[in-house]
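As structure tokens, the structure follows; a few thoughts come after it.
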Amino acid sequence: MSYEPKIIAFCCNWCSYAAADLAGTSRMQYPPNIRIIRVMCSGMVHPEMILKSLTGGADGVMVLG
Amino acid sequence: MLKNKTIGSVMVVGGGITGMQSALDLADAGYFVYLVERTGAIGGAMAQLDKTFPTNDCSM
Amino acid sequence: MTLCEVTDVAGSAGDFTVTVKENPRYVDMDKCIACGECATKCPKKVDDEYNASTGKRKAVYVKYAQAVPLKYQIDAEACIWLNKPGRCGACAKICPAGAINFDDTEKTHNINVGAVVLAPGFESFDPTGTEVFGYGEYPNVITAMQLERYLSASGPTEGHLVRPSDGKPVRKVAFLQCVGSRDENLCGNGYCSSVCCMYAIKEAVIAKDHVPGLATSIFYMDMRTHGKEFDEYYTRARKESGVRFVRCRVNGVEPQGDEGDLRLHYVNEKGQQIEEYFDMVVLSVGLQTPKHVLDLAKKADIRLTPHNFAAVSDFAPVSTSQAGIFTCGAFAGPKDIPQSVMEGSAAAAAAADILAPARNELTQEKTFPPERDILGEELRIGVFVCHCGSNIAGYVDVEDVANYADTLPGVAHVERNLFTCSQDTQELMVKVIKENQLNRIVVAACTPRTHEPLFHETIKAAGLNEYLFEMANIRNQNSWVHTGDKKAATQKAKDLTRMAVAKVAWQGPLQNFAVPITRNTLVIGGGLAGLAAAHNLARQGFPVDLVERSSVLGGNAIHLHNTWSGEHIPQRMYGLIKDVRNDDLITIHMETEVVEAEGYVGNFITTLRNKNNEKRSIEHGVTIVATGGTRLMPDEYGYRDHKEVVSAIEFDKLYEIRDKQVSSSNSFVFIQCVGSRDVDRNYCSKVCCTHSVQSAIELKKENPKRRIYILYRDMRTYSQRESLYKKAREMGVIFINYELHGKPKVNKVDGSFEVEVWDHVLHRPLLIPADMIILATAIIPNNGAKKLAQLYKVPLDNFGFFQEAHAKLRPVDFATEGLFVAGMAHYPKPVEESIAQALAASARAATLLSKKQVTLDGIKAQVDPDFCDGCALCVDVCPYHAITLIESKDDQGESHNLVEVNLAHCKGCGLCQGTCPKRGISVAGFTFKQLESQIEAALAV
């Protein structure tokens, strides 16, 4: 089986989460490997959350804000 | 000049950006608003614009 | 009320009866689910008005993808069935909701209202048949609105700029300004449409972004970029984007060859005849009042100007000639978006002025059942999975997702809905929640950004705390972006649902937080804007404290003479000042300054200090900043050295008192843009062109033999002021254009003055003998603005004017709630625009003041005293200054350092949470535990 990475994305409610919504409205296609977690600001994401994702098995973490 | 009766409602004619702003402010200040629009949906001319200056924001 | 037209207005202010005709939609609004099946099947295609006829739509259609209401409608003129019943009916057959109703009929409503606000807008000038520019004849000549649609991602070419004639990419575009404006021969529209210069620049810049290497040229007479930040945009377009600007009027557009190329001929700035070729020509069409609006004005018996705009006074810019009927937006003259939005609010304030006694009589607050206490209950999560018509169900196996959700820990009930957001589903949800005693709700559907508030209301109606809720975004972030892979999209939908369930399990009830509002407003500045705002607020019944730094009320306006339309300013000002002085609800603080300010929306405390150094504190719910502007004292043109060189305001005074210096002078030279649109101050002071033209007309009227010269950069007599410019030219006032790099020079030769300026026609310097030289000096912010900005923590722009929350959509609000700006503190502007903004500020203030309290949501930072050790790292990072360090005593009486959150200041951004090394502070609804649960759930399979 081919390699399918799992990526956790922390998205700010006001910009990148809205952008991800807009990508949907515009029917832009992207690979289904990303799991978005909504936060109220990318500054909310504690370094421990990133470590927790990586140790929990995520192949990549994105913090978008 | 005003008669004794004053009705606490307003009709806003036109559902463009101006009419919507007027309707929202009136409703938020405690008046019942009828927003009347000639076409099938509100939004007016601004909804047709691609982007607006000076910040090039999307106009939606 | 859509598809509605006003057919009659009867009655008077406070009590009108308006007759409204509702045209048939032929689609049942309650049934239509906007799935779009009807439009797919409809065989009839017609030109799409929304796309300015650049594309096609069906006879059954929705105006645009984000339309509100998002309901289809049938175009009766185009529909095959409605024209010949029995012939088609494809839409009715396919509609899954049975919403098509060919028997729909026109309805008439009689509606009783206290006031009418007219915001009917404008139409673009239709250049068809103008011949000169070949619109309608040559396919590559298009209007600016059509270009707008070509550039839009939602337009007919999805943002690709191609030639209509052959679909080839465009390399060279010309914009022709003033088509249908400033031109009485072509169309009878002698006024300036005010917005076309700016939209042409914007379109040229955006088009260049879309097509690298695209050459854009704008052919114009005067570049009228007089709005806030517009001149900077103009400079950027020229210098950074490389848009070419050519000052000339193009004589005609002709085809070149058979390929669709176009040939323009014009006389350039050096007087040479030029022929140039372009792929595409864009006509910057002006604005005009549509026919149906003229009919409406007739029905409502409203007076119009000769240009067919609603006639208004400059001192009541949103009041029509009929009491109780108000106007806003382009109906009272062409204007841009921020000015229209301001007027929308201003009309609300003006209407509220007469309706204040009946406030809250017809509106009602929604009521909700008491909240159920879920403490101690075991988890009973309800999951609602939405099909969203085919939007989700078409790409995700919804049944599989629902079955999977049922297996998740804590889930007690699962439902599937065709549209979870529809009205009947809301009722169903309430029932299901009650019957199954659910205590957490997950909706797997679209985005919480648009739909969370709706579901909050629904679960509140079911007696649950509204925050016991989570959405899984399986549409925008799943079905719509993975349309080609149903298996993967279904798996991702399951994952997202699992994550939402895991998160909501740790969600407890949160309380919204209500802050009482002090129903008092502080207006800072006793000039025109401050007075107008205070006056209107008091008329609406709200008390006002008005602070003025000087010893007189009236500001700059009492030094002015006439408005552009000829209304006498001092007379109206004295009336307004008298009204304000006599109003019991207004307390005036003269020779008083603001020295301290604290608090937040609804609860400000400001300390004032008067000339005797006495301080007093004022509690107020709202603050309006109207500190105005002042004039620049120039260093140029010998202003400080010679009495013959005066500023425009000084000249007005000399003229008014019939000073000999004016009456004995024969030659007057006005120099525009002194200090404005310069290196340090790249903005337009907006009022000076009109002011100089008015002065010139007065001088000429008095003695037609006087020689009057106006040296200008661009004449910015925008909107209906254009008629003054025309009149001045007809009276023989001489207008000479100069550029920034070739400023005029003032020379003193043998005791008399001459002004030297480059003549573009003769290509040599022109020497004008001058008895008086009048400088149109820039308007600059008042010197107290900076201090005030610091006190209230609001931003200033590059030039020291106050910065509004959004240049287009929130032109009177500050980003901080409860603070508003009006008048020249915001940007230089004439009387009617200052008043409109003041009324707008009053309307925006009234939306807060009319409530007893402001409700703030429960998504706030909360401190965990078991973990917080008072290190205070969060105190500094908080952008809202919401966190303070305190000392608290524990059960044993020992004192500890601890942080405390001011909920009214906290916006729930969580910077504190990201910074805290001890997990001592986190945002409710996004706690460490909740985020961790989401991460774990995301990685669980």
Next on the checklist: Could you list, ordered by first residue, the pairs with Cβ atoms under 7 Å in which the first is in region C:356-370 and within 16 Å of B:Tyr34 (Cβ to Cβ) and in contact (Cβ under 8 Å) with a residue 40 or more places away in the chain and the second is surrounded by 12 or more Cβ atoms within 10 Å (Cβ to Cβ) and of a type in the set (Val, Ile, Thr), at least 6 apart or interchain?
Outcome noted: C:Ala358/B:Thr6; C:Ala358/B:Ile7
Checklist entry - What residue, among those in region C:339-354 that are more than 8 Å from every other protein chain (Cβ to nearest Cβ) and surrounded by 24 or more Cβ atoms within 10 Å (Cβ to Cβ), is farthest from C:Ala845 (Cα to Cα)? => result C:Gln339
Checklist outcome for this item: Subset of region C:212-229, residues crowded, with 22+ Cβ neighbours inside 10 Å, of a type outside the set (Ser, Thr, Tyr) and at the interface with chain B (Cβ under 10 Å from one of its Cβ atoms), comes to C:Gly227, C:Lys228
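From the list C:Ala346, C:Ala351, C:Ala393, exactly one residue is of a type in the set (Gly, Ala, Ser), on the phi < 0 side of the Ramachandran plot and part of a loop (DSSP other than H, G, I, E, B). Which is it? Outline the logic, then answer.
Details: C:Ala346 fails: part of a loop (DSSP other than H, G, I, E, B); C:Ala351 fails: part of a loop (DSSP other than H, G, I, E, B).
Exactly one of C:Ala346, C:Ala351, C:Ala393 is of a type in the set (Gly, Ala, Ser), on the phi < 0 side of the Ramachandran plot and part of a loop (DSSP other than H, G, I, E, B), namely C:Ala393.
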Checklist entry - Has region A:21-42 got any residue that is crowded, with 17+ Cβ neighbours inside 10 Å and of a type in the set (Asp, Glu)? => result yes
Item to check | Boolean, C:Lys492 is in contact with a Phe, Trp or Tyr (Cβ under 8 Å, 6 or more places away or on another chain) and either among the charged types (D, E, K, R) or in the same structural domain as C:Glu619 (by TED's automatic domain parsing) (or both) | outcome: no
Checklist entry - Within the bounds of region A:16-34, is there any residue that is in a strand (DSSP E or B) and more than 7 Å from every other protein chain (Cβ to nearest Cβ)? => result yes
Checklist entry - If only one of C:Asn391, C:Asn403 is of a type in the set (S, T, N, Q) and at pLDDT below 95, which one is it? => result C:Asn391
Checklist entry - Would you pick out the residues in region C:411-439 that are in contact with a strand residue (DSSP E or B) (Cβ under 7 Å, 6 or more places away or on another chain), surrounded by fewer than 16 Cβ atoms within 10 Å (Cβ to Cβ) and in contact (Cβ under 8 Å) with a residue 60 or more places away in the chain? => result none
Next on the checklist: I need a count of the residues in region C:451-465 that are without any contact (Cβ under 8 Å) to a residue 12 or more places away in the chain and surrounded by 24 or more Cβ atoms within 10 Å (Cβ to Cβ).
Outcome noted: 0
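Results for (1) among the basic types (Lys, Arg); (2) over 21 Å from C:Ile773 (Cβ atoms); (3) surrounded by fewer than 21 Cβ atoms within 10 Å (Cβ to Cβ), shown as yes or no for each residue.
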{"site": "C:Arg706", "(1), (2), (3)": "yes, no, yes"}
{"site": "C:Ser723", "(1), (2), (3)": "no, yes, yes"}
{"site": "C:Met731", "(1), (2), (3)": "no, no, yes"}
{"site": "C:Ile734", "(1), (2), (3)": "no, no, yes"}
{"site": "C:Lys743", "(1), (2), (3)": "yes, no, yes"}
{"site": "C:Val746", "(1), (2), (3)": "no, no, no"}
{"site": "C:Ser752", "(1), (2), (3)": "no, no, yes"}
{"site": "C:Trp758", "(1), (2), (3)": "no, no, yes"}
Item to check | Enumerated helices (runs of 4 or more DSSP H) restricted to region C:72-188, each holding at least 2 residues that are within 14 Å of another protein chain (Cβ to nearest Cβ) and on the phi < 0 side of the Ramachandran plot | outcome: C:144-151
Next on the checklist: closer than 30 Å to C:Val6 by Cβ and modelled with pLDDT under 90: which single residue out of C:Cys187, C:Cys192 fits that description?
Outcome noted: C:Cys187
Checklist entry - Among the residues of region B:21-60, which ones are modelled with pLDDT of 90 or more, within 12 Å of the chain's Cα centre (by Cα) and within 7 Å of chain C (Cβ to nearest Cβ)? => result B:Gln21, B:Ser22, B:Asp25, B:Leu26, B:Tyr34, B:Leu35, B:Val36, B:Glu37
Next on the checklist: Just the residues that are at pLDDT 95 or above, under 13 Å from C:Ser617 (Cα atoms) and surrounded by fewer than 17 Cβ atoms within 10 Å (Cβ to Cβ), please, taken from region C:579-603.
Outcome noted: C:Val595
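Please specify each residue of region C:711-740 satisfying the condition of being under 13 Å from C:Arg224 (Cα atoms) and of a type in the set (Gly, Ala, Ser). Don't jump to the end; show me each part of the working.
Step one: list which residues in region C:711-740 are under 13 Å from C:Arg224 (Cα atoms), which gives C:712-719, C:721-722.
Listed by number, the list holds a single entry, C:Ser719.
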Next on the checklist: For region C:876-889, give me the residue count where each residue is in contact (Cβ under 8 Å) with a residue 24 or more places away in the chain and not in a strand (DSSP E or B).
Outcome noted: 6
Checklist entry - What residue, of C:Asp30, C:Asp47, is closer than 30 Å to B:Ile7 by Cβ, more than 12 Å from every other protein chain (Cβ to nearest Cβ) and acidic (Asp, Glu)? => result C:Asp30
Next on the checklist: With more than 26 Å from C:Ile325 (Cβ to Cβ) and modelled with pLDDT of 90 or more as the only criterion, which of C:Phe102, C:Phe122 stands out?
Outcome noted: C:Phe102
Item to check | Residue among C:Ile768, C:Ile774 that is surrounded by 16 or more Cβ atoms within 10 Å (Cβ to Cβ), within 42 Å of the chain's Cα centre (by Cα), under 30 Å from C:Val246 (Cα atoms) and not polar (S, T, N, Q) | outcome: C:Ile774
Next on the checklist: Criterion first (closer than 23 Å to C:Asn782 by Cα and assigned to a strand (DSSP E or B)) does C:Glu619 satisfy it?
Outcome noted: no
Checklist entry - How many residues does region B:4-36 contain that are out of contact with any strand residue (DSSP E or B) (no Cβ under 6 Å at 6 or more places or on another chain), surrounded by 24 or more Cβ atoms within 10 Å (Cβ to Cβ) and farther than 28 Å from C:Ala207 by Cβ? => result 4
Next on the checklist: Filter region C:918-941 down to the residues that are of a type outside the set (A, V, I, L, M) and more than 9 Å from chain A (Cβ to nearest Cβ) and list them by number.
Outcome noted: C:Lys918, C:Gly920, C:Thr927, C:Lys929, C:Gln930, C:Ser933
Checklist outcome for this item: Filtering region C:902-918 down to residues that are over 24 Å from C:Gly602 (Cα atoms), assigned to a loop (DSSP other than H, G, I, E, B) and touching a His at 6+ places or on another chain (Cβ under 8 Å) yields C:Cys916
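Yes/no matrix, rows are residues, columns are (1) closer than 30 Å to C:Gly344 by Cβ; (2) charged (D, E, K, R); (3) without any contact (Cβ under 8 Å) to a residue 12 or more places away in the chain:
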| site | (1), (2), (3) |
| --- | --- |
| C:Val132 | no, no, no |
| C:Arg149 | yes, yes, no |
| C:Gly159 | yes, no, no |
| C:Asp166 | no, yes, no |
| C:Pro169 | no, no, no |
| C:Ala174 | no, no, no |
| C:Ser181 | yes, no, no |
| C:Cys192 | yes, no, no |
Checklist outcome for this item: Among the residues of region C:820-848, the number that are under 16 Å from C:Gly602 (Cα atoms) and surrounded by fewer than 24 Cβ atoms within 10 Å (Cβ to Cβ) is 2
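Against the definition (under 19 Å from C:Glu131 (Cβ atoms), surrounded by fewer than 23 Cβ atoms within 10 Å (Cβ to Cβ) and within 30 Å of the chain's Cα centre (by Cα)), how does C:Asp209 come out, yes or no? Quick ask: steps written out before the conclusion?
On the way: under 19 Å from C:Glu131 (Cβ atoms): no; surrounded by fewer than 23 Cβ atoms within 10 Å (Cβ to Cβ): yes; within 30 Å of the chain's Cα centre (by Cα): yes.
For C:Asp209, the condition - under 19 Å from C:Glu131 (Cβ atoms), surrounded by fewer than 23 Cβ atoms within 10 Å (Cβ to Cβ) and within 30 Å of the chain's Cα centre (by Cα) - is not met.
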Checklist outcome for this item: Residues of region C:56-66 being surrounded by fewer than 16 Cβ atoms within 10 Å (Cβ to Cβ) and either under 18 Å from C:Glu77 (Cβ atoms) or of a type outside the set (A, V, I, L, M, F, W, C) (or both), in sequence order, are C:Lys56, C:Gln66
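The values are calculated or read from the model by the stated rules, or taken from the named source; none is laboratory data. Since we're looking at a predicted model, the values are computed, not measured. A quick note on method: Cβ atoms are made from the backbone with ideal geometry, for glycine too, and the neighbour counts reach across all protein chains shown.
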